[in-house]
């Protein structure tokens, strides 16, 4: 191995071990010794505090404007033998350490070694399913309301961040470990999607997530209804999603275009989409018929139904006489989300 390669490797190794505090101390010491030597050399114009700081900086960074320079032979020898070599070396070490730190930070984020415990209101996706997860990220990005606070992907696979410009990535040893989700700020997340490779992995991951008592809505995907029932028995508020391809296939055969309508209602890319909003706690008991009329004629959206409490079965197309209490969830079709502040809740009271 050539000598210069070994020297470079040794330099990088020692640079990595050198702390910022030590590096700044060495720079300060070198500057003070250089100043003392220039003072002894009779360079009175250079040793004024402001002039010296300026001269030392432009010399160490090799800018060298030339407006200040040693005037005595001794001062020039100090600059040649001590100030310039030491200053340039220290400046190179400063740049090298800063660059190394940035690269290390980028690598840690790409490899999922970084933690985000301070995040809140964000979306957490648990599990990596390749194209399905990428499609999920695209759909989340299309809805600015759920994308503004960011997305954190939690996975146990040997991989790097698939979308480093758009999402954060946390790699864990096991999706079944409750403590690992603290790195993703799970407790303050706005919404959590659990989608692992098998029902057993999804169930274990869901239990681990829920052990952190997250404030946001939790959605888990399952292939079998019995596994979903196990999770719902312990956490009724969790929303389980089962495959609907058979139901959609049959409905499309019986009623032409049903699959297109279903896809349209779930997509936020264009056209009308199904959304939901929570009735404020301060609202009085509301009449569904008045709500339907207000949504249609004042907001231009179509109300589909509601759920009275979290985890309850939705009531779709209910009679106008139904009473809707505070904290109920309303479901509607619109081109974009409705701001709850635009709704005159008092006018819809029973």
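Against the empirical curve 2.2 N^0.38 Å, the C-alpha radius of gyration of segment 123-243 lands at a ratio of 0.97. Dividing the alpha-carbon radius of gyration of segment 3-110 by the rule-of-thumb value 2.2 N^0.38 Å gives 1.25. Each peptide in 179-192, 110-123 receives the mean, over its residues, of other Cβ atoms within 10 Å, and ordering these scores from highest gives 179-192, 110-123. According to the Cα-based calculation, Rg over Rh for segment 272-348 is 0.91, with Rh computed by the Kirkwood formula. Kirkwood's formula applied to the C-alpha pairs of segment 89-170 gives a hydrodynamic radius of 14.2 angstrom. With the convex hull drawn over the C-alpha atoms of the chain, the volume per residue is 239 Å³.
Over the C-alpha atoms of segment 132-200, the Rg to Rh ratio, Rh being the Kirkwood estimate, stands at 0.93. Going by neighbour counts of Cβ atoms within 10 Å, the residues 335, 226 line up, fewest first, as 226, 335. Counting only alpha carbon atoms, the long axis of helix 84-110 and the longest principal axis of the chain meet at about 10°.
A short reminder: the numbers here are calculations on the coordinates, not readings from a lab. As the structure is a prediction and not an experimental result, all values here were calculated from the model. No Cβ is skipped: glycine too gets one built from the backbone with ideal geometry, and neighbour counts run over all protein chains shown.
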